[in-house]
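Worksheet: the structure to be examined is printed underneath.
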Amino acid sequence: MFAKIWDAHVVHQDDGAPAILAVDLHLVHEVTSPQAFAGLVRRGLRVRRPDRTVATMDHSVPTVARSTGGGGGDDGRAVLTVLDDAGKIQLDTLARNCAAHDVRLFGMGSAQQGIVHVIGPELGFTHPGMTIVCGDSHTSTHGAFGALAFGIGTSEVEHVLATQCLLQRRPRTMRVTVDGRLAAGVTAKDVVLAFIARVGTGGATGHVLEYAGAAIRALDMEARMTVCNMSIEAGARAGMIAPDDTTFAYLAGRAHAPTGAAWDRAVAAWRGLPTDAGASFDAEVILDGAALEPMITYGTNPGMGGPIGAPVPDPDALGDADERAALRRALAYMQVEPGRPLLGRAVDVVFVGSCTNGRLSDLRTAAAVMRGRKVAPGVRALIVPGSEAVARAAEAEGLDQVFKDAGAEWRTPGCSMCIAMNGDQLRPGQLAVSTSNRNFEGRQGQGGRTLLASPLTAAAAAVTGKVTDPRTLAPEAAV
């Protein structure tokens, strides 16, 4: 599948040199685009294909209303006040740049605003067979549709804006096969955390991953996006899942999906994308999906994780001196004792959201645990939908009220605590169970400590006040 998409997008290839790769869709946000647009201005250039460029405000937007004066957005929501001065400059700059270059922008107050990797698929911009780039490492999310999607740097953002092409060296391929049927309480987040724990944060470096197998095919599109989202955390360039009827059903009728005869032609072409029988990969990894359990991280990178009931590894048991030193440092930062499981460890904050787990199905999962329960005393729980559309759908189902009744904070869409912006951050020493994608030192706030987990496990921690196996709660929680 990767080869089919790559080869169809090579504009030019010299021996020994990177390929010039055509880009179908360029997603833009406020953090990595200001310097790129400024570079265009210095060179007297304009955006080459504004029709293939889509921008949103997500990283620096506030997720709580600080002001209700002065009217609202185009859906009647209250105006939000940006607390971070640097963030406000970024947001204002993006608005000016998009207006100057005729780029479509879903800004604050827009009914379609949201995290870039949430709104792209839900609005139908993401299609199978596309090449998609964004100045954000988790662009791999869009690979769930059978697209080749990857993050790029600021200088590359400028290059794509100017040319709609990009210089890239052809990566290697790795197939990750997850067979069997996932047990109750095991989610897509657990699948990808188990894979990263298996291969490590560098185990897929230089590869594009193709996820396959019965357990992957059984996932809905939002779960597939979760899996592909975290491919970068294993060092991969991108992650992909072959398009199928599940993909087509999700896309049908979305605002920017093809319609009529164009839809029929598109689906016919998309059906030819999956990997041919007998195709070979540079590497293969196989996981038994039926044997997987709810996962949680214990260290300071996503590869330091294991089943929620398993003991934390002992650094002294590792044979490599560098690995021993890294694990000792991580456990010291996390204040975690080796040889014992994390079960029962008191938590301070729970965060449900991000481009990994901020979609409607994630909120439904968390609400199933929190319905009829209360957030434990002393715990702060933030629920942040990934987009305005997700927020509206959740509110239509009454999920927001479930969270409010439980004592959780129902927020407005944005990246929020995933990247510790606009006051949504941990205080030094606080321990969080988070549905986001990274647990680096200080990622969610200076001195803060993060345990990555699924929305199911995060919600269980919120109502118990401690790391809890979600399978031990009421049956309705084991979804």
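The values are calculated or read from the model by the stated rules, or taken from the named source; none is laboratory data. Treat the numbers as computed from the prediction; the structure is a model and nothing was measured. Here the Cβ is made from the backbone with ideal geometry for all residues, glycine too, and neighbour counts use every protein chain on show. The area values use the complete protein model at the heavy-atom level, side chains included, leaving out ligands, DNA and RNA. Shrake-Rupley method; radii C 1.70, N 1.55, O 1.52, S 1.80 Å.
Here are some notes:
- Hits in the stretch 129-146 (condition: open to solvent by 10 Å² or more (accessible area, probe 1.4 Å) and over 16 Å from the mean Cα position of the chain (by Cα)): G129, M130
- Scope the stretch 19-37; condition part of a strand (DSSP E or B) and hydrophobic (A, V, I, L, M, F, W, C); matching residues: A19, I20, L21, A22, L25, L27, V28
- Number of positions in the stretch 395-418 that are in a helix (DSSP H, G or I), among the polar types (S, T, N, Q) and under 25 Å from T139 (Cα atoms): 1
- The set of residues from the stretch 119-128 being open to solvent by 10 Å² or more (accessible area, probe 1.4 Å) and outside any loop (DSSP other than H, G, I, E, B) comprises just one member, E122.
- If only residues of the stretch 219-250 that are polar (S, T, N, Q) and open to solvent by less than 10 Å² (accessible area, probe 1.4 Å) are counted, the one that is farthest from L193 (Cα to Cα) is T247.
- Hits in the stretch 98-118 (condition: more than 30 Å from G44 (Cβ to Cβ) and open to solvent by 20 Å² or more (accessible area, probe 1.4 Å)): M108, G109, Q112
- Matching residues, the stretch 419-436, being surrounded by 24 or more Cβ atoms within 10 Å (Cβ to Cβ) and either under 15 Å from the mean Cα position of the chain (by Cα) or in a strand (DSSP E or B) (or both): A432, V433, S434, T435, S436
- Residues in the stretch 170-191 that are closer than 17 Å to G143 by Cα, part of a loop (DSSP other than H, G, I, E, B) and out of contact with any helix residue (DSSP H, G or I) (no Cβ under 7 Å at 6 or more places or on another chain): P171 alone.
- Residue check for A389: outside any helix (DSSP H, G or I), within 25 Å of the chain's Cα centre (by Cα) and either modelled with pLDDT of 95 or more or under 24 Å from R471 (Cβ atoms) (or both): no
- From L40, L83, L94, residue being surrounded by 13 or more Cβ atoms within 10 Å (Cβ to Cβ), modelled with pLDDT under 90 and either of a type in the set (A, V, I, L, M) or outside any loop (DSSP other than H, G, I, E, B) (or both): L83
- Odd one out for I383 among (1) open to solvent by 10 Å² or more (accessible area, probe 1.4 Å); (2) without any contact (Cβ under 8 Å) to a residue 40 or more places away in the chain; (3) under 26 Å from V192 (Cα atoms): (1)
- Annotation: of all residues in the stretch 1-56 being touching a His at 6+ places or on another chain (Cβ under 8 Å) and acidic (D, E), the one that is farthest from V103 (Cα to Cα) is D24.
- Failed item, numbered, when I241 is tested on (1) out of contact with any Asp or Glu (no Cβ under 8 Å at 6 or more places or on another chain); (2) touching a residue at least 60 places away in the same chain (Cβ under 8 Å): (1)
- Selection of the stretch 392-412 for residues being surrounded by fewer than 20 Cβ atoms within 10 Å (Cβ to Cβ) and either of a type in the set (S, T, N, Q) or modelled with pLDDT under 95 (or both) yields only Q401.
- When T450 is tested against (1) open to solvent by 30 Å² or more (accessible area, probe 1.4 Å); (2) modelled with pLDDT of 95 or more, just one condition goes unmet, and that condition is (1).
- Meets criteria (closer than 23 Å to Q335 by Cβ, open to solvent by less than 30 Å² (accessible area, probe 1.4 Å) and aliphatic (A, V, I, L, M)) for A462: yes
- Criterion (open to solvent by 20 Å² or more (accessible area, probe 1.4 Å), in contact (Cβ under 8 Å) with a residue 12 or more places away in the chain, of a type in the set (G, A, S) and closer than 30 Å to T472 by Cα) met by exactly one of A310, A255: A310
- Hits in the stretch 4-18 (condition: more than 24 Å from the chain's Cα centre (by Cα) and either hydroxyl-bearing (S, T, Y) or assigned to a helix (DSSP H, G or I) (or both)): K4, D7, A8, H9
- Only listed residue being farther than 21 Å from E210 by Cα and modelled with pLDDT of 95 or more, chosen from G239, G253: G253
- On the stretch given as the stretch 43-64, residues that are open to solvent by 20 Å² or more (accessible area, probe 1.4 Å) and either at pLDDT below 95 or of a type in the set (S, T, Y) (or both) total 1.
- Looking only at the stretch 192-210, and only at residues there that are in contact with a helix residue (DSSP H, G or I) (Cβ under 6 Å, 6 or more places away or on another chain) and not in a loop (DSSP other than H, G, I, E, B), the one that is surrounded by the most Cβ atoms within 10 Å (Cβ to Cβ): L209
- For S155, the criteria (1) assigned to a loop (DSSP other than H, G, I, E, B); (2) open to solvent by 20 Å² or more (accessible area, probe 1.4 Å) hold in every case but one, which is (1).
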